[in-house]
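Notes for the one structure printed next.
The values are calculated or read from the model by the stated rules, or taken from the named source; none is laboratory data. What you see is a predicted model, and the numbers here were worked out from it, not measured in a lab. When we count neighbours, we look across all protein chains shown, and the Cβ atoms used for this are built from the backbone with ideal geometry, even at glycine.
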């Protein structure tokens with residue numbers, strides 16, 4: 001082998017390789033620039049912009065357009081990509097882009113473009129990916145002429161715009177290669193578009209959430225043998241889930257929240273590939289079928305804000321990949337011990353807020369070491385908090401409101417040792433007990449929100465609260481606390497919300513209270529509120545069905 005290498009090198013000395021490299025680069029270098037027609041089409045786009053994001057510095061008529069910023073060309077110098085996302089572009093989209101006969105990808109997303117979407121782009125004979133999402137485009141989408149030959153478009157993303165009117169049905173007939181359509185967050189009306197997957201056999205993703213579609217889910221779903229994601233949440237859909245839907249066994253993500261859908265969930269267990277099932281905020285009734293355990297791949301189960309009832313099936317323990325289980329605001333009942341949480345090691349969010357569960361809190365919950373949010377509030381549990389909750393080393397949000405818990409001192413001692421907890425709501429418990437004193441409580445190193453309201457607690461404002469240096473919100477209203485408001489309250493530099501109303505404090509309002517940073521800045525509160533999870537606000541409500549949820553239910557379709 002060595003002799004072969006030696007002879008090979010002797011035949012092709014180093015100077016030859018240098019010459020060959022020069023020739024290779026020369027031969028691969030372009031011998032001409034993009035065509036004048038393509039350059040003109042691009043300059044028409046530039047001319048229609050009132051703010052061009054400094055493209056003029058690169059897009060000069062005397063230079064090769066293949067070297068312009070955001071432009072890619074093929075080896076034969078034809079424009080294949082126009083990628084101008086997040087450039088702050090303002091103005092309209094030029095229809096002349098449709099003249100780019102080799103254009104494969106057009107990305108104008110995340111700009112401030114207005115006007116309509118040129119029909120020429122939908123009729124393009126070359127575009128595979130068209131993304132104009134997150135702009136201010138208006139008007140409706142035009143129906144394509146029935147004589148239009150099949151177009152190659154595979155991905156169409158027009159989400160987060162201001163489109164109105166009915167969605168054109170000819171999209172399905174002409175776009176035979178369509179794989180993904182995202183028209184979410186617009187104002188499309190009328191019936192949800194009928195999917196003709198016979199015309200587009202590779203169709204896999206349909207995202208229509210946050211529109212104004214109404215009526216039943218239309219027929220045609222059973223033909224969608226490749227469909228993996230169906231998301232039509234936050235619309236006005238009604239009726240039951242059609243049997244055709246349960247034949248689409250390829251579905252991995254089914255998301256239909258915030259509609260007026262009804263019926264029971266018996267057929268859902270046929271969708272054995274489901275990873276996400278979100279049917280929250282509808283009118284579903286009945287129980288969770290025992291066959292739910294057949295959904296082995298399920299990671300997110302969201303059935304909140306419905307009218308479901310019955311005991312939870314033990315087979316839910318077989319959904320061993322569950323990460324999120326959200327059953328809040330239903331009528332589920334019985335003891336919570338049927339689910340073996342030892343089988344759910346990946347669970348991060350458990351929310352059963354406002355149901356009718358009874359008995360004690362099952363201790364198997366504390367085996368879910370990945371839990372970050374646990375809300376059991378407004379059920380009929382009773383007893384004391386288990387020390388095993390200390391096993392939840394990742395727990396950040398804890399809400400145990402109105403569970404008839406007792407022994408507030410021991411509860412705070414248990415929770416104080418958790419370094420991960422940032423939010424604790426334990427109001428409507430410990431009725432007529434005494435607020436624990438300083439020498440009994442410590443810890444809470446990272447606590448940001450604490451609620452012990454409506455407990456009728458006696459005693460004074462304890463000094464251990466002054467050690468909660470990261471506290472931002474404190475709710476102690478409707479207790480029976482007495483004595484003066486202590487000066488140390490001003491030492492809580494991050495506190496921006498304090499409610500100590502409906503107590504029996506005496507003395508004057510301390511001047512130190514006026515020195516608190518929260519009273520000096522109007523910028524603190526909006527920032528903090530934007531960082532709080534949505535379920536935070538439901539946990540501070542006194543009467544959830546009457547105030548928090550009836551209001552949201554009434555306004556959700558306005």
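Considering only residues that are in contact with a strand residue (DSSP E or B) (Cβ under 8 Å, 6 or more places away or on another chain), in contact (Cβ under 8 Å) with a residue 24 or more places away in the chain and either assigned to a loop (DSSP other than H, G, I, E, B) or surrounded by fewer than 17 Cβ atoms within 10 Å (Cβ to Cβ) (or both), which ones fall in the range 53-79?
Across the range 53-79, the qualifying residue is only 74.
I'd like to know if the range 166-178 contains one or more residues that are surrounded by fewer than 17 Cβ atoms within 10 Å (Cβ to Cβ), touching a strand residue (DSSP E or B) at 6+ places or on another chain (Cβ under 8 Å), at pLDDT 90 or above and under 20 Å from residue 238 (Cα atoms).
Checking the range 166-178: at least one residue is surrounded by fewer than 17 Cβ atoms within 10 Å (Cβ to Cβ), touching a strand residue (DSSP E or B) at 6+ places or on another chain (Cβ under 8 Å), at pLDDT 90 or above and under 20 Å from residue 238 (Cα atoms).
Taking the condition of being buried (at least 18 other Cβ atoms within 10 Å of the Cβ), modelled with pLDDT of 95 or more and more than 26 Å from residue 272 (Cα to Cα), how many residues in the range 330-364 meet it?
Result for the range 330-364: 4.
Report whether or not residue 33 is modelled with pLDDT under 90, part of a loop (DSSP other than H, G, I, E, B) and either out of contact with any strand residue (DSSP E or B) (no Cβ under 9 Å at 6 or more places or on another chain) or within 30 Å of residue 132 (Cβ to Cβ) (or both). Give the derivation first.
Details: modelled with pLDDT under 90: yes; part of a loop (DSSP other than H, G, I, E, B): yes; either out of contact with any strand residue (DSSP E or B) (no Cβ under 9 Å at 6 or more places or on another chain) or within 30 Å of residue 132 (Cβ to Cβ) (or both): yes.
Yes, satisfied.
Just the residues that are at positive phi and assigned to a strand (DSSP E or B), please, taken from the range 449-478. So that I can check it myself, show each step before the final result.
Keep residues of the range 449-478 that are at positive phi, which gives 454, 456, 459, 478.
Passing the criteria: only 459.
In this structure, does residue 546 turn out to be over 25 Å from residue 375 (Cα atoms) and either modelled with pLDDT under 90 or out of contact with any helix residue (DSSP H, G or I) (no Cβ under 8 Å at 6 or more places or on another chain) (or both)? I'd like the intermediate steps shown before the answer.
Details: over 25 Å from residue 375 (Cα atoms): no; either modelled with pLDDT under 90 or out of contact with any helix residue (DSSP H, G or I) (no Cβ under 8 Å at 6 or more places or on another chain) (or both): yes.
Against the criterion (over 25 Å from residue 375 (Cα atoms) and either modelled with pLDDT under 90 or out of contact with any helix residue (DSSP H, G or I) (no Cβ under 8 Å at 6 or more places or on another chain) (or both)), residue 546 does not qualify.
Condition (residue is surrounded by 10 or more Cβ atoms within 10 Å (Cβ to Cβ), out of contact with any helix residue (DSSP H, G or I) (no Cβ under 8 Å at 6 or more places or on another chain), at pLDDT below 80 and under 16 Å from residue 477 (Cβ atoms)) applied to the range 502-518: is it met by at least one residue?
no
Could you pull out every one of the strands (runs of 3 or more DSSP E) wholly within the range 293-402 that has 2 or more residues that are closer than 28 Å to residue 449 by Cα and within 20 Å of the chain's Cα centre (by Cα)?
Details: elements: 300-302, 307-310, 324-326, 331-335, 349-351, 356-359, 373-375, 397-399.
Because the criterion is at least 2 residues that are closer than 28 Å to residue 449 by Cα and within 20 Å of the chain's Cα centre (by Cα), the strands (runs of 3 or more DSSP E) in the range 293-402 that meet it are 300-302, 324-326, 349-351, 373-375.
Return only the number of the condition from (1) more than 29 Å from residue 138 (Cβ to Cβ); (2) without any contact (Cβ under 8 Å) to a residue 60 or more places away in the chain that residue 37 does not satisfy.
Looking at each condition in turn, residue 37 falls short on (2).
Could you please find all residues in the range 150-165 being assigned to a loop (DSSP other than H, G, I, E, B) and either under 25 Å from the mean Cα position of the chain (by Cα) or touching a residue at least 40 places away in the same chain (Cβ under 8 Å) (or both)? Spell out the reasoning first.
Initially, the range 150-165 is screened for residues assigned to a loop (DSSP other than H, G, I, E, B), giving 150-154, 158-161.
Within the range 150-165, 154, 158, 159, 160, 161 meet the criteria.
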